[in-house]
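These notes concern the structure reproduced below.
The values are calculated or read from the model by the stated rules, or taken from the named source; none is laboratory data. Everything numeric in this text was worked out from a predicted model, so none of it was measured. Reconstructed Cβ throughout: ideal geometry from the backbone, glycine too, with neighbour counts over all protein chains shown. Just the protein is used for accessible areas: all its heavy atoms, side chains included, with ligands, DNA and RNA removed. Shrake-Rupley method; radii C 1.70, N 1.55, O 1.52, S 1.80 Å.
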Amino acid sequence: MRIITSFAVAVLLSLGTLCASAEENYESWTVLRSTFPSTGGNGIMIKGYDPVVAGDKCVTTFMAVTPDGKVYPNDIEFEAVAAQGGTLCQNGKWRAFDGGASGATAFRVFFKGGVIRGFPLDQ
């Protein structure tokens, strides 16, 4: 029975190490700039994106600018969690200032050592 228990413990430890090594490296993400292409596509640019951590939230206002120059002011709020020695902002929910539109985003932000990184970004 000891051999089986030892084997099971070794397998579990190996799986734990494998999962830990597969963890995403947030510091490898692109440094965030205040202007970048929208993750939603369609040629929309995000401008004025300057998130800050406020307690258990990350927040910012921003503009979504269409290729024809229309500007849509928005704000976004993420949940902030401690991760890899920094703060990960995830599960973002945005809304238009006028209340006419809202949604969620897969975009995430990572703060560490005075550097802000975003993912996914194609800059």
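Side notes on the structure shown:
Residue-by-condition table, conditions (1) open to solvent by 50 Å² or more (accessible area, probe 1.4 Å); (2) within 11 Å of the chain's Cα centre (by Cα); (3) in contact (Cβ under 8 Å) with a residue 40 or more places away in the chain:
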site	(1), (2), (3)
Thr35	yes, no, no
Thr39	yes, no, yes
Met45	yes, no, no
Val53	yes, no, yes
Lys57	yes, no, no
Asp75	no, no, no
Trp94	yes, no, no
Ala101	no, no, no
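- Hey, Asp68 open to solvent by 60 Å² or more (accessible area, probe 1.4 Å), assigned to a loop (DSSP other than H, G, I, E, B), of a type in the set (Asp, Glu) and under 17 Å from Val115 (Cα atoms) or not: no
- Residue that is farthest from Leu32 (Cα to Cα), among those in segment 105-123 that are at pLDDT 95 or above and open to solvent by 30 Å² or more (accessible area, probe 1.4 Å): Gly113
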